[in-house]
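To keep things clear, I will list the structure first and then write my remarks on it.
The values are calculated or read from the model by the stated rules, or taken from the named source; none is laboratory data. Small disclaimer: the values here were computed from a predicted structure and weren't measured. Cβ placement follows ideal geometry from the backbone for every residue including glycine, while neighbour counts extend to all protein chains displayed. Please note that ligands, DNA and RNA were not included when accessible areas were found on the heavy atoms of the full protein model with its side chains. Shrake-Rupley method; radii C 1.70, N 1.55, O 1.52, S 1.80 Å.
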Amino acid sequence: MRWILLAMVLAAFPSVGQAADRPNIVILYADDMGYGDLHANNPDSKIPTPNLDRLASEGMRFTDAHSSSGICTPSRYALLTGRYHWRKFHDIVYAFGPPVIADEEFTLPEMLKAQGYRTACIGKWHLGWNWSEILRPDANVKQDRGNLVIPPEAFDWNRSVSGGPTSHGFDYYFGDDVPNFPPYAWIENDRVIEPPTVMLTETPKTPEGKWNARRGPAVADWDFWGVVPRLADKAVEWIAEQKGEQQPFFLYVPFNSPHSPIVPTPEFAGKSEAGPFGDFVNMTDAMAGKILQALKDNGFEDNTLVLFTADNGAENYAYARLENFGHWSSAPFRGVKRDLYEGGHHVPFLVRWPGHVKPGSVNDSLTSQVDIMGTLAAIVEADLPADAAHDSYNQQANWTTNEGGRRTTIVHNTFAKAYAIRDGNWLLIQAESGSHNRVPAWFDQEKGYTEDQQPGELYDLEIDPAQKHNLYSEKPQLVEKLSQKLKQIRSRGQVR
């Protein structure tokens, strides 16, 4: 059946025969990696990232790039749909939660597949599955802080599960869905490879931070330390399998690192000067390097567009890391994961496309991961449906000429209760604080942050990237202008 569908696609798009003119596309997506963790962004970083630094030197490094949210599920949704997450939802998908991408929503892999691309997702999905399809009628289901707690025998693991990557445009999937959520098992396409037989209830001590591992079904002796290397090896294998094929390919590799649990393998222990998290970032860099090397080894390097970015900023363990090791993951910004402050969503963003993107270039224009879909559509000459990729601007010219992009405004949001709007150099936070975390008093004192009791926050990021000087009360007319602009964008269903 798949071959029949492929033949229909090829017939519908005659230009697919000119596959050599279209780049292969690889997106490497880190999990909870701060802007200042990447050495190419932060010369004071205490974490070696040689492979990603080389990628930056071979392509374009964006200094003002943002994820859609300060947490992972919404950012992944926005990247794959070209739509702000807040138009539909805010929070993450919890353990055994249903899909957040509806069947009728048009996705990035579906767009590329229609253009003749072979598509694969290898890594952390975290956009939900229809687990209820394999749940036995007599299942004992409990609730724990939004997560479903279900024993392994409650599922028929021999059946397929819809709603995952292969339901939304990917020809192939391999991964463990979410590293700290059940089921703790490898999934290939729409089936669990080895049925979980035990209930994970306790975990050993991690080198840093917390496990954040929810209770649930697991394969016996599940190896948390082996997840990231297995994903990288699988990506390398898949790339090698594409050698000799005539179709271009799209490979999406959403790493589950350096997200907790922080589990660098022994060979990476002590490789950074920023503690175990730093070692895990260094390990993530090494896994990205293996994938980049696979492109070169199989002859794909010159005709592959590689994009590296992250779903949000570093976890709030970053405060202790600064205190203990002198490394600030969000440098030079304020805030961490979840926050409306820059550190929550201002992320690394690198693009390498030989012959099209100038090596060693630095792009200071405002950039959003929401624009990836619209930009790739232009590159592969795909016409986006009118009711799709609602917020995604075509930034191809910006990537290839570095003369400035079409985006001048971004709406920032993590949770339903607070929004912010970036317009040019100005940032308005419609909340008393841009933080969704508990900030240590010593940090505010050391960095010079003080409470001002104003109902909102306004910053000029050109002169105040650390967001220390709240101008909200000094510029009421600008506050009103930005508030109206935010209201207008939120009310409009289509932006591009």
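What to note about this one:
- A count restricted to the range 367-385 and to residues that are more than 17 Å from residue 67 (Cβ to Cβ) and without any contact (Cβ under 8 Å) to a residue 40 or more places away in the chain stands at 2.
Residue by residue, here is whether (1) touching a Lys or Arg at 6+ places or on another chain (Cβ under 9 Å); (2) within 11 Å of residue 122 (Cα to Cα); (3) of a type outside the set (D, E, K, R); (4) modelled with pLDDT under 95 holds:
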| position | (1), (2), (3), (4) |
| --- | --- |
| 150 | yes, no, yes, yes |
| 159 | yes, no, no, no |
| 166 | no, no, yes, no |
| 173 | no, yes, yes, no |
| 188 | no, yes, no, no |
| 196 | no, no, yes, no |
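- Set 254, 264, 258: member being within 22 Å of residue 29 (Cα to Cα), open to solvent by 10 Å² or more (accessible area, probe 1.4 Å) and in contact (Cβ under 8 Å) with a residue 24 or more places away in the chain: 264
- Members of the range 147-184 that are in a loop (DSSP other than H, G, I, E, B), small (Gly, Ala, Ser) and buried (at least 17 other Cβ atoms within 10 Å of the Cβ): 163, 164, 169
- Taking the range 413-492 as the region of interest, the strands (runs of 3 or more DSSP E) fully inside it that hold 2 or more residues being free of Cβ contacts under 8 Å to residues at least 40 places away in the same chain are 457-460.
- Leading residue by the ranking (farthest from residue 393 (Cα to Cα)) among those in the range 449-494 that are open to solvent by 30 Å² or more (accessible area, probe 1.4 Å) and of a type in the set (Val, Ile, Thr): 450
- Listed by first and then second residue, the pairs with beta-carbon distance under 9 Å, at least 6 apart or on different chains, first residue in the range 295-321 and farther than 25 Å from residue 367 by Cβ and in contact (Cβ under 8 Å) with a residue 12 or more places away in the chain, second of a type in the set (Ser, Thr, Tyr) and open to solvent by less than 30 Å² (accessible area, probe 1.4 Å), are 317/260; 317/329; 321/329.
- Selected residue [among the polar types (S, T, N, Q), more than 25 Å from residue 328 (Cβ to Cβ) and at pLDDT 95 or above] from 467, 477, 453, 494: 477
- Unmet criterion (only one of (1) touching a Pro at 6+ places or on another chain (Cβ under 7 Å); (2) assigned to a helix (DSSP H, G or I); (3) farther than 21 Å from residue 54 by Cβ) for residue 262: (2)
- Residue-level check: of (1) touching a helix residue (DSSP H, G or I) at 6+ places or on another chain (Cβ under 9 Å); (2) over 17 Å from residue 492 (Cβ atoms); (3) surrounded by 18 or more Cβ atoms within 10 Å (Cβ to Cβ), residue 429 misses just (1).
- Search result, residues across the range 269-281 that are open to solvent by 20 Å² or more (accessible area, probe 1.4 Å) and either in contact with a Phe, Trp or Tyr (Cβ under 7 Å, 6 or more places away or on another chain) or part of a helix (DSSP H, G or I) (or both): 273, 276
- The set of residues in the range 230-248 being over 26 Å from the mean Cα position of the chain (by Cα) and open to solvent by 90 Å² or more (accessible area, probe 1.4 Å) consists of 243, 245, 246.
- Residue that is most open to solvent (accessible area, probe 1.4 Å), among those in the range 355-397 that are in contact with a Ser or Thr (Cβ under 6 Å, 6 or more places away or on another chain) and of a type in the set (D, E, K, R): 364
- Whichever residue in the range 312-345 is of a type in the set (Ser, Thr, Tyr) and under 17 Å from residue 274 (Cβ atoms) and, among such residues, is surrounded by the most Cβ atoms within 10 Å (Cβ to Cβ): 329
- On inspection, residue 8 fails the criterion of being at pLDDT below 95, open to solvent by 10 Å² or more (accessible area, probe 1.4 Å) and under 24 Å from residue 238 (Cα atoms).
- Odd one out for residue 189 among (1) surrounded by 14 or more Cβ atoms within 10 Å (Cβ to Cβ); (2) in contact (Cβ under 8 Å) with a residue 40 or more places away in the chain; (3) of a type in the set (S, T, N, Q): (2)
- Matching residues, the range 434-443, being touching a Ser or Thr at 6+ places or on another chain (Cβ under 7 Å) and surrounded by fewer than 18 Cβ atoms within 10 Å (Cβ to Cβ): none
- When the residues of the range 431-476 are filtered to those that are under 30 Å from the mean Cα position of the chain (by Cα) and β-branched (Val, Ile, Thr), the one that is farthest from residue 323 (Cα to Cα) is 463.
- Here is the figure for the range 227-251: residues that are in contact (Cβ under 8 Å) with a residue 60 or more places away in the chain and touching a strand residue (DSSP E or B) at 6+ places or on another chain (Cβ under 8 Å) total 12.
- Listed by position, the helices (runs of 4 or more DSSP H) contained in the range 32-139 that have at least 3 residues being out of contact with any strand residue (DSSP E or B) (no Cβ under 9 Å at 6 or more places or on another chain) and buried (at least 22 other Cβ atoms within 10 Å of the Cβ) are 72-81.
- Any hit, the range 398-410, residues being crowded, with 19+ Cβ neighbours inside 10 Å and of a type in the set (Val, Ile, Thr): yes
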